Amino acid sequence: AQTVTQSQPEMSVQEAETVTLSCTYDTSESDYYLFWYKQPPSRQMILVIRQEAYKQQNATENRFSVNFQKAAKSFSLKISDSQLGDAAMYFCAYTRSGGGADGLTFGKGTHLIIQP
Amino acid sequence: DVKVTQSSRYLVKRTGEKVFLECVQDMDHENMFWYRQDPGLGLRLIYFSYDVKMKEKGDIPEGYSVSREKKERFSLILESASTNQTSMYLCASIGWGNTEAFFGQGTRLTVV
């Protein structure tokens with residue numbers, strides 16, 4: 001079974017600084033997808049970034065980027081120029097390729113605090 | 001925009017009651033999911049469905065059942081609610097051939 005591990009229950013960063021959230025996963029599949037979801041106090045889950053395992057290039061979305069290390073099964077999220085609106089729970093998630101029918105496996109989450 | 005709508009944002013029920021949590025999506029997605037979210041435990045999959053009338057157990061199905069009579073609607077049923085089912089419940093859908101999950105806003109259920 002696939003597992004996703006987030007070892008940082010809580011992180012704190014000063015506004016405008018850079019923070020990195022860690023995620024490791026375990027799978028025997030060779031083709032899969034990894035995600036970072038953000039859940040602000042409104043509770044709405046928002047997709048931040050997606051990485052396809054067969055792509056070596058790290059995904060980037062504006063201030064958000066990932067460091068995907070397939071051999072190490074590591075998938076960290078870097079947030080640059082942190083803003084107050086980035087404060088939220090962040091979840092790392094995994095799904096194997098094949099249509100999404102299995103759903104996503106989530107880590108336990110990291111609570112990100114932005115200090116003004 | 002894809003929309004996943006959960007019928008209630010907050011719900012308070014008594015122990016032993018039968019509880020229905022409803023989820024409707026408007027994007028003709030084949031796959032629908034119910035997750036439970038608890039602090040420190042993340043999101044755990046309760047049940048999922050890949051087609052009408054089809055259902056599969058997730059990681060924590062005990063005490064729950066589901067119903068999918070129409071493609072757009074996926075219901076989670078607590079046959080006899082217990083206090084340990086007090087939690088946040090999230091519904092999600094994924095279209096066939098896709099991987100991105102779209103979520104409802106969650107139902108915070110309190111069983112007293």
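The values are calculated or read from the model by the stated rules, or taken from the named source; none is laboratory data. Because the structure is predicted, anything quoted here is derived from the model rather than measured. We place every Cβ from the backbone using ideal geometry, glycine too, and count neighbours over all the protein chains shown. Quick note on the areas: whole protein, heavy atoms, side chains included, nothing else; ligands and nucleic acids left out. Shrake-Rupley method; radii C 1.70, N 1.55, O 1.52, S 1.80 Å.
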Original post:
Looking only at residues in segment B:93-103 that are touching a Phe, Trp or Tyr at 6+ places or on another chain (Cβ under 9 Å) and closer than 17 Å to A:P40 by Cα, which one is surrounded by the most Cβ atoms within 10 Å (Cβ to Cβ)?
Top reply: B:A101
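If you go through segment B:56-70 one residue at a time, how many are within 14 Å of chain A (Cβ to nearest Cβ) and either over 16 Å from A:L104 (Cα atoms) or open to solvent by less than 80 Å² (accessible area, probe 1.4 Å) (or both)? Give the steps one after another, and end with the answer.
First, the residues of segment B:56-70 that are within 14 Å of chain A (Cβ to nearest Cβ): B:56-61, B:66, B:68.
When the remaining residues are screened for being either over 16 Å from A:L104 (Cα atoms) or open to solvent by less than 80 Å² (accessible area, probe 1.4 Å) (or both), the result is B:56, B:58, B:60-61, B:66, B:68.
Count: 6.
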Subject >> Failed item, numbered, when A:T95 is tested on (1) at pLDDT below 95; (2) under 10 Å from the mean Cα position of the chain (by Cα) >> reply: (2)
Original post:
at pLDDT below 95, open to solvent by 40 Å² or more (accessible area, probe 1.4 Å), in contact with a strand residue (DSSP E or B) (Cβ under 6 Å, 6 or more places away or on another chain) and not small (G, A, S), is that true of A:E29?
Top reply: yes
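Test of understanding: among A:S28, A:S42, which residue is without any contact (Cβ under 8 Å) to a residue 40 or more places away in the chain and farther than 29 Å from B:M88 by Cα?
Within the list A:S28, A:S42, the selection yields A:S28.
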**OP:** Among the residues of segment A:25-47, write down those that are aliphatic (A, V, I, L, M) and assigned to a loop (DSSP other than H, G, I, E, B).
**Re:** A:M45
**OP:** Assess whether A:E10 counts as being open to solvent by 20 Å² or more (accessible area, probe 1.4 Å), modelled with pLDDT under 95 and either within 14 Å of chain B (Cβ to nearest Cβ) or touching a helix residue (DSSP H, G or I) at 6+ places or on another chain (Cβ under 6 Å) (or both).
**Re:** no
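Listed here are the residues, each with its yes/no results for (1) acidic (D, E); (2) surrounded by 14 or more Cβ atoms within 10 Å (Cβ to Cβ); (3) within 15 Å of the chain's Cα centre (by Cα).
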{"residue": "B:L21", "(1), (2), (3)": "no, yes, yes"}
{"residue": "B:D28", "(1), (2), (3)": "yes, no, no"}
{"residue": "B:G40", "(1), (2), (3)": "no, no, no"}
{"residue": "B:E79", "(1), (2), (3)": "yes, no, yes"}
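With the requirement that a residue be assigned to a strand (DSSP E or B) and open to solvent by less than 40 Å² (accessible area, probe 1.4 Å), what does segment A:81-104 give you? Before you say what the answer is, go through the steps one by one.
The initial filter retains those residues of segment A:81-104 that are assigned to a strand (DSSP E or B), namely A:88-96.
A:A88, A:Y90, A:F91, A:C92, A:A93, A:Y94, A:T95 - these are the residues of segment A:81-104 that are assigned to a strand (DSSP E or B) and open to solvent by less than 40 Å² (accessible area, probe 1.4 Å).
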**OP:** Would you point out which residue out of A:S97, A:S76, A:S80 is closer than 26 Å to B:G97 by Cα, more than 14 Å from chain B (Cβ to nearest Cβ) and small (G, A, S)?
**Re:** A:S76
Original post:
Of the conditions (1) on the phi < 0 side of the Ramachandran plot; (2) at the interface with chain A (Cβ under 9 Å from one of its Cβ atoms); (3) open to solvent by less than 70 Å² (accessible area, probe 1.4 Å), B:G106 fails just one. Which one is it?
Top reply: (1)
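What about B:R9, is it at the interface with chain A (Cβ under 9 Å from one of its Cβ atoms), within 17 Å of B:Q105 (Cα to Cα) and open to solvent by 50 Å² or more (accessible area, probe 1.4 Å)?
Values: at the interface with chain A (Cβ under 9 Å from one of its Cβ atoms): yes; within 17 Å of B:Q105 (Cα to Cα): yes; open to solvent by 50 Å² or more (accessible area, probe 1.4 Å): yes.
Criteria met by B:R9.
In the set B:Y50, B:Y35, which member is open to solvent by less than 30 Å² (accessible area, probe 1.4 Å), within 12 Å of chain A (Cβ to nearest Cβ) and under 14 Å from the mean Cα position of the chain (by Cα)?
On the way: B:Y50 fails: open to solvent by less than 30 Å² (accessible area, probe 1.4 Å).
Checking each option against the conditions leaves just B:Y35.
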**OP:** Please work out which residue is nearest to A:T95 (Cα to Cα), limiting yourself to segment A:1-24 and to residues that are part of a strand (DSSP E or B) and within 13 Å of the chain's Cα centre (by Cα).
**Re:** A:V4
